[in-house]
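Only the coordinates and a few stated rules stand behind these numbers; no lab work does. As the structure is a prediction and not an experimental result, all values here were calculated from the model. Glycine gets a Cβ as well: all are built from the backbone with ideal geometry, and neighbour counts include every protein chain shown.
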Amino acid sequence: MTTDIGFPAPDVFEAELDRMVDLRLASRIAQRDATIWGPDAAQLAASHLGWTDLHTRAAGLIEQIDTLRAELADDGIDRIVLAGMGGSSLGAEVIARAHGADLIVLDTTDPMDIAALCDGDDLERSAMVVATKSGTTIETVSAASAFAQALLAAGIEPRRRLIAVTDPDTPMAEQALEEGWRRVFLTDPSVGGRYSALAAFGLVPAGLAGADVQRVVDEAAEVADGVRADDPENPALRIGALLTAAHARGVRTLALAATDESLVGLPDWIEQLVAESSGKEGAGMLPIACESVDAAGFEDAHAATALGYLGPAMGTHQPISGVALSYEAPLGSQLLVWETATALLCAGIGVDPFNQPDVEAAKERARAMLQPDASLTAAPAVAPAFVDGPVTVHTMDSTPAPDTEDTEDSEAGEVSLAASIAALFPSQDDEDEYLAVQVFLSAEHDEAAASLRELLARKSGGTVAFGWGPRYLHSTGQIHKGGRPDGTFLFISADPATGPTVAVPEAGFDFARLQAAQAEGDAQVLADLGRRVVHLTLADRQEGVAHVLGAIEALPDPPPRRPEDEDVEALDDSDVSDASETTDAGPAADADFPDEGREEEERLR
């Protein structure tokens, strides 16, 4: 296991690392010292540090998982569906993917996904893990209700196919115990959702699907002593210090790519962990889960972006920022190290890692739209601008009119779909700006939309984040609303009148309406915060996605970020320092940085 670090000002990085060591932050986190994040955060932190020693308490849980898996197999059940959002699903998903386990993750309200689950021929061999820490998560509760109804319709007793993972005394726990569900795993309330990958939320679904969860826990245990040590070689301290020093220097985007096949999916888990923990009070590190080291936004990352290699440093990329890290370790070690490093980052920038103060606003707006007398399109923040083929373009009140001169196909004075999208592009003169694409469609059936992130990054020349809705609401949604106010937002959703009609049992609305309310609710909250927002509604999913992709592809390419004749050395192991060596900034030491954060940098010195 090695930790490689690249930083353009080694004295600044070393000063922050020494500060964290001198304050004994690593050992104090392991000892559940709630004072690390300041007096305002102490009360909440005191009840959210149970994740630090989960590897020491997993034996009994793993035994229960193995027993239940054998029982399910005896009953002919070999298809495990996980209904959960954010931290209640992402940990299990990355563990299952790393071990090749076939876990079906349902973290959506898309009616096509719900219909496929409920109408399939696989119900006979299916069980659902219903994972919700609060016991009230609307997406999870709705999916579980629809699944139970489908089982009843197929003549299958639902209670024998439902498994709950939730905190004690939640509505879900009470329902599951009262109805006699197959198994109820009551979780430790002191483990926050996004820090729960090594708790029942991560281990139960992945283990039931066939992942070797004992191995994951053992991998975490292998690194645990090093993670709690106040030692400059502690990988969590090194990563936490690097990100803190980078944040102070104005490098506040972290592009992540897995270079180890066993860590595929880890960028998405880290994205949620870092974004929701650090993105508040106008601060935070914006993580971007990139497709590969050769993807746009990683290989051409700009001066406000750090590169994070999950595995060995690979490729020919030297970050303009000069900030990079590479951590080579198995998955279980990665989980514990990144949890600790994120908590250290939050201590370094002065925010509470365990709250999410800006998440509730979008939920409240969506709930209001789900009232029987509410309209999804009557809200004053939305103005239907125009229709372009299968796409209706809504420009939110805070968003300026698009500049039609940027598109080749538009005649003078004509507003186009391409121009509306281009109006959201990050400024070439402000590398703090970013574009977030929020897609409320099916990742399974509308997979072409996944190419939007890299295409928009290539066409805009800027930082582009991507999220499937409503999944991202429980991940990057916090930093979009509570972090730095430099984001622009492109929403894409289907017209709720199209597609299958799948009712949410006993709710008074269907999944299409729920999905539309979640999209519109979040778009309106962002517009109310003064963010630039464009919302595209598709009358036909397949044609609509293709139309949007075509409009973006027709936009001109931006100028290259680096001059073509600039000699840039590749990032490899010679350009970064190993955990056992003195930090060497390498060839990036003279890189230019934005002025933002210089005062905080001086504090670190």
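Tell me the net charge near PRO330. Cut-off is 10 Å between Cβ atoms, PRO330 excluded, with +1 for each Lys or Arg and -1 for each Asp or Glu. Combined, the nearby Lys, Arg, Asp and Glu give -4.
Going by average Cβ neighbours within 10 Å, how do the peptides 450-457, 161-168 rank, with the highest at the top?
Values: 450-457: 20.8, 161-168: 22.9.
Packing proxy ranking, top to bottom: 161-168, 450-457.
Going from the residue with the fewest nearby Cβ atoms within 10 Å to the one with the most, ILE421, ILE156, ILE138 rank ILE156, ILE138, ILE421.
Note on the chain: with charges restricted to the Cβ of Lys and Arg (+1) and Asp and Glu (-1), its dipole about the Cα centre is near 2240 debye.
Per residue of the chain, the DSSP helices (runs of n ≥ 4 H) give a summed -39500 (n - 2.57) that works out to -11500 deg cm²/dmol at 222 nm.
First check a/c for the chain, with a ≥ b ≥ c the square roots of the eigenvalues of its C-alpha gyration tensor; if it is under 1.5, answer rounded, and if not, answer prolate when a/b is larger than b/c or oblate otherwise. Can you show the working numbers first?
Numbers: a/c = 1.74, a/b = 1.07, b/c = 1.63.
It comes out oblate by the Cα gyration axes.
Spatial offset of segment 65-112 relative to segment 162-214 amounts to 12 Å, using the alpha carbon center of each.
Give, as a single signed number, the net charge of other residues whose beta carbon lies under 12 Å from the beta carbon of ALA512, with Lys and Arg counted +1 and Asp and Glu -1.
Working: positive: ARG513, ARG541; negative: ASP110, ASP113, ASP495, ASP510.
Result for the neighbourhood of ALA512: -2.
Summing +1 for each Lys or Arg and -1 for each Asp or Glu, what net charge is found among the other residues whose Cβ lies under 12 Å from the Cβ of ALA295? Result for the local shell: -3. Ordering 541-548, 427-434 by mean Cβ neighbour count within 10 Å, with the highest value first, yields 541-548, 427-434. Compute the relative contact order of segment 57-215 as a whole-number percentage, counting only Cα pairs closer than 8 Å that sit 6 or more residues apart in sequence. This gives 33 percent for segment 57-215. In this simple spin-label model, placing a label point 7 Å from the Cα along the Cα-to-Cβ direction at both LEU23 and GLN428 gives a separation of 4.1 nm.
For VAL387 and ASP557, what is the calculated FRET efficiency with R₀ set at 25 Å and r taken between the beta-carbons, to the nearest 0.05? Please report the intermediate quantities before stating the final value.
Values: r = 28 Å, r/R0 = 1.11.
In this case the efficiency is close to 0.35.
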